[in-house]
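J.: Here it is, the structure, as structure tokens.
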Amino acid sequence: MAVTITHPGVYITEVPSGSRAVTGVATSITAFVGRAARGPVDEPVQVANWAEFERTFGGLWRGSGLGYAVRDFYLNGGSTALVVRLGCGAGTAEFDLGDVTLAAVGPGAWANTMSVTVHHPGPEGDEVAAGQGGGITADDLFTVEIRGDASSAAADETFVNVTVKDGPRRVDVVLAGSRFVRAVGVPSGARPVEGTVTPTASVADGDPPELADYLGDNAAGDHFLADKRGLYALEKADLFNLLCLPPPTPEGDVPDALWAEALGYCVDRRAFLVVDQPAGQGLSAAKSWAGSVGLTGPGTRNAAVYYPRIRRADPLRGGNSAEFAGSGAVCGVMARTDAGRGVWKAPAGIDGGITGATGLASSLTDGENGQLNPLGVNCLRSFPVIGPVVWGARTLRGADVLTDDYKYVPVRRLALFLEESLYRGTQWAVFEPNDEPLWSQIRASLGAFMQDLFRQGAFQGSTPRDAYFVRCDAETTTQYDIDRGIVNVQVGFAPLKPAEFVVIAIQQKTAEAAG
């Protein structure tokens with residue numbers, strides 16, 4: 001900061017340190033896309049716990065696998081979810097209050113049991129109206145009571161002294177805070193008459209989602225990416241790390257053609273796709289299934305597949321055991337491992353226990369596990385005392401024959417974490433003068449970030465030199481690059497790789513003869 005010098009004396013100025021801290025991004029924000037009983041459609045809603053999911057989306061529902069997957073996510077250590085509800089042709093209930101029309105906050109048959117009651121104020125209405133101003137009188141005011149169950153004596157929500165006139169208590173403004181309804185038609189006329197109304201017509205939940213419900217209809221020129229609908233409603237979210245696509249129904253399967261599209265989107269968003277094999281899949285089919293649905297190529301390093309499905313009690317079936325896709329539980333195990341050990345630790349092993357699971361759809365032997373693991377198929381196993389666990393940590397590029405750098409889930413997820421953190425942490429450098437002062441700042445900023453991870457045990461190596469490097473200087477950025485407005489930064493790291501095979505050599509020790 002320039003100092004204006006006018007008189008003899010001491011002048012103080014503050015000099016920026018030039019230090020720019022890189023903050024590590026979250027690693028286990030999990031996006032779920034599927035059908036729910038209620039809630040907003042085509043909006044990524046952040047959910048912090050199972051109770052919040054129940055309030056917003058209706059909890060467990062036999063019509064969809066979404067609720068079961070989210071429940072397993074939280075049971076196994078998940079913390080933050082982004083839930084996108086698909087519409088699937090469900091109708092939206094409406095309530096006719098005369099000149100005012102209310103609509104349920106989301107489509108679905110859940111609103112068929114609702115009722116809306118209108119009351120007019122008593123003698124105190126004149127005083128309340130005077131406080132609102134704008135020419136509003138007591139005859140303009142009314143109270144709205146909403147019941148989620150029309151037979152309930154107590155109202156779930158009550159909004160007092162609202163009006164159809166312009167002002168802070170206009171009914172559409174006030175009902176924007178309702179968990180049940182919104183005002184969609186509010187002419188500036190007379191208030192609604194007193195009384196109770198139910199939906200003008202019964203509405204349906206629609207059908208289980210098909211491919212077009214996730215992606216749109218390409219043939220009709222209606223791809224959802226541009227509209228940010230379906231899977232691509234996640235375009236409205238700033239960040240997600242894991243993507244879980246629960247089956248359309250608890251016992252069903254995700255459309256095969258969806259997996260490749262979802263993988264491509266994860267690659268674009270630096271996210272990781274957790275894949276379920278189909279229900280009832282046999283061992284032989286499990287070996288080649290991923291390739292049959294288009295999960296091939298370098299992009300599959302951003303995905304991992306798990307086999308078989310898990311078994312657990314279903315509260316909606318009287319507690320009887322049923323099979324469920326395991327992806328929600330696996331995402332929870334990943335989140336739990338990230339929080340306890342770091343994203344560089346494999347989310348597998350005896351610490352990768354699946355909470356809530358009573359068993360697996362099929363019990364694999366060591367030999368069967370040995371057929372799938374070299375192909376990059378992660379097994380879920382069950383052991384005495386330990387119970388069901390995640391017993392594999394390979395990406396879909398983890399087949400031995402591929403020898404890919406990103407063979408292992410923790411290595412790939414650590415790389416995605418670094419990429420996203422460095423991308424966000426270097427935005428300040430755009431349009432800065434491209435010379436040594438900038439390069440020095442970048443080296444210091446990124447170096448401090450990598451050093452902090454090294455101290456946490458994220459990298460292989462006993463010294464920083466062995467564990468990572470950050471380069472940004474005249475060698476990485478030539479004059480030709482400078483003339484084109486480019487600054488090149490090279491960051492390398494030595495990843496920790498899981499000990500998949502612990503080999504113990506045992507030999508006899510022969511006693512030496514006495515001398």
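J.: Among the listed residues GLY359, GLY318, GLY326, GLY367, which satisfies the condition of being of a type outside the set (Ser, Thr, Tyr), closer than 22 Å to LEU245 by Cβ and either surrounded by fewer than 22 Cβ atoms within 10 Å (Cβ to Cβ) or at pLDDT 95 or above (or both)?
T.: Step by step, each of GLY359, GLY318, GLY326, GLY367 is checked, and only GLY326 is of a type outside the set (Ser, Thr, Tyr), closer than 22 Å to LEU245 by Cβ and either surrounded by fewer than 22 Cβ atoms within 10 Å (Cβ to Cβ) or at pLDDT 95 or above (or both).
J.: Being within 13 Å of ALA304 (Cα to Cα) and outside any helix (DSSP H, G or I) is the filter here, so list the residues in the stretch 248-272 that pass it.
T.: Those that are within 13 Å of ALA304 (Cα to Cα) and outside any helix (DSSP H, G or I): ALA271, PHE272.
J.: List the helices (runs of 4 or more DSSP H) that sit entirely inside the stretch 325-434 and contain at least 1 residues that are out of contact with any helix residue (DSSP H, G or I) (no Cβ under 8 Å at 6 or more places or on another chain), among the aromatic types (Phe, Trp, Tyr) and touching a residue at least 60 places away in the same chain (Cβ under 8 Å).
T.: Qualifying helices (runs of 4 or more DSSP H): 409-425.
J.: Further question: So if I check each of VAL203, VAL144, which one is at pLDDT 90 or above and assigned to a loop (DSSP other than H, G, I, E, B)?
T.: VAL203
J.: A further question on this structure: Of the residues that sit in the stretch 453-475 and are touching a residue at least 12 places away in the same chain (Cβ under 8 Å) and assigned to a helix (DSSP H, G or I), which one is farthest from ARG20 (Cα to Cα)?
T.: ASP466
J.: Considering each residue of the stretch 487-504, count those that are outside any strand (DSSP E or B), surrounded by 11 or more Cβ atoms within 10 Å (Cβ to Cβ) and without any contact (Cβ under 8 Å) to a residue 40 or more places away in the chain, and give that number. Walk me through it before giving the result.
T.: We begin by selecting, within the stretch 487-504, every residue outside any strand (DSSP E or B); these are 487-489, 494, 496-504.
Add one more test, that the residue is surrounded by 11 or more Cβ atoms within 10 Å (Cβ to Cβ), and what stays is 487-489, 494, 496-498, 500.
Remaining after also requiring without any contact (Cβ under 8 Å) to a residue 40 or more places away in the chain: 488, 494.
Result for the stretch 487-504: 2.
Matching residues to (1) within 13 Å of ASP42 (Cβ to Cβ); (2) in the same structural domain as THR143 (by TED's automatic domain parsing); (3) touching a Pro at 6+ places or on another chain (Cβ under 6 Å):
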position: VAL70; (1), (2), (3): no, no, no
position: VAL83; (1), (2), (3): yes, no, no
position: VAL100; (1), (2), (3): no, yes, yes
position: VAL105; (1), (2), (3): no, yes, no
position: GLY108; (1), (2), (3): no, yes, no
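J.: In this structure, does LEU243 turn out to be in contact (Cβ under 8 Å) with a residue 40 or more places away in the chain and out of contact with any Lys or Arg (no Cβ under 9 Å at 6 or more places or on another chain)?
T.: No, not satisfied.
J.: Looking at (1) touching a residue at least 12 places away in the same chain (Cβ under 8 Å); (2) assigned by TED's automatic domain parsing to the domain that holds LEU316, which one does GLU52 not meet, given that it meets all the others?
T.: With respect to (1) touching a residue at least 12 places away in the same chain (Cβ under 8 Å); (2) assigned by TED's automatic domain parsing to the domain that holds LEU316, GLU52 is out only on (1).
J.: Can you tell me which residue among GLN507, GLN479, GLN441, GLN451 is under 29 Å from ASN241 (Cα atoms), polar (S, T, N, Q), surrounded by fewer than 16 Cβ atoms within 10 Å (Cβ to Cβ) and not assigned by TED's automatic domain parsing to the domain that holds ALA346?
T.: Of GLN507, GLN479, GLN441, GLN451, the one residue that is under 29 Å from ASN241 (Cα atoms), polar (S, T, N, Q), surrounded by fewer than 16 Cβ atoms within 10 Å (Cβ to Cβ) and not assigned by TED's automatic domain parsing to the domain that holds ALA346 is GLN451.
The values are calculated or read from the model by the stated rules, or taken from the named source; none is laboratory data. Everything quoted here is computed from the prediction, not taken from an experiment. Using ideal geometry, Cβ is built from the backbone for each residue, glycine included, and neighbour counts are taken over all protein chains shown.
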